[in-house]
Amino acid sequence: MNRYQYGRRYIEEREKYRRWIDPRVWNLPLAQVVAYLRQHGWMEVPPDREGCLVFREPASTHLSTGQMFQFVPASEQDDYYPQGMFELVTGLADFEQRSAADVIDDILQAPNASQTNGAAGEHATGSEKRVS
């Protein structure tokens, strides 16, 4: 048997999943995220912490633990925004039982608050997008 020596690309731990994660998740517009949640029956509830919006999931018959909640960063300028969007989309994909990319597609197609009623949404923070 011949022994060969093949070089293999090393990928640093913090970079391992970067190519697997849809990069659009880091820059989702807050107004469209909030519009998507509302259009899909999520109810905004009073937050239990600063800098975040809280939404109660729609009533579900498959949950025996009661209703669950998702947290949304309240500002696109928040340092936590990219991580918060990643966690939110992951939770939505799990709840909706479909891929995160499909959820992102639908969020980006959702009209934002200014398109639905002519006024800027109460949580809209501007159009600048964060890049990580």
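Have a look at R18, R98 and point out the one that is among the basic types (K, R), assigned to a loop (DSSP other than H, G, I, E, B) and more than 15 Å from the chain's Cα centre (by Cα).
Residue meeting the stated conditions: R18.
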**Message:** Out of everything in segment 17-34 that is under 16 Å from T90 (Cβ atoms) and without any contact (Cβ under 8 Å) to a residue 12 or more places away in the chain, what residue ends up being surrounded by the fewest Cβ atoms within 10 Å (Cβ to Cβ)?
**Reply:** W20
**Complete:** Selection from segment 35-52 of residues part of a helix (DSSP H, G or I) and surrounded by 15 or more Cβ atoms within 10 Å (Cβ to Cβ) yields A35, Y36, L37, R38
**Request:** Please find, within segment 54-68, the residue that is nearest to P29 (Cα to Cα) out of those that are in contact with a helix residue (DSSP H, G or I) (Cβ under 9 Å, 6 or more places away or on another chain) and modelled with pLDDT under 95.
**Result:** E57
**Message:** Would you confirm whether or not segment 94-112 contains a residue that is hydroxyl-bearing (S, T, Y), modelled with pLDDT of 55 or more and touching a helix residue (DSSP H, G or I) at 6+ places or on another chain (Cβ under 9 Å)?
**Reply:** yes
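The values are calculated or read from the model by the stated rules, or taken from the named source; none is laboratory data. Note that the structure is a prediction, hence the values are computed from the model and not measured. Cβ atoms come from the backbone with ideal geometry, glycine included; neighbour counts cover every protein chain shown.
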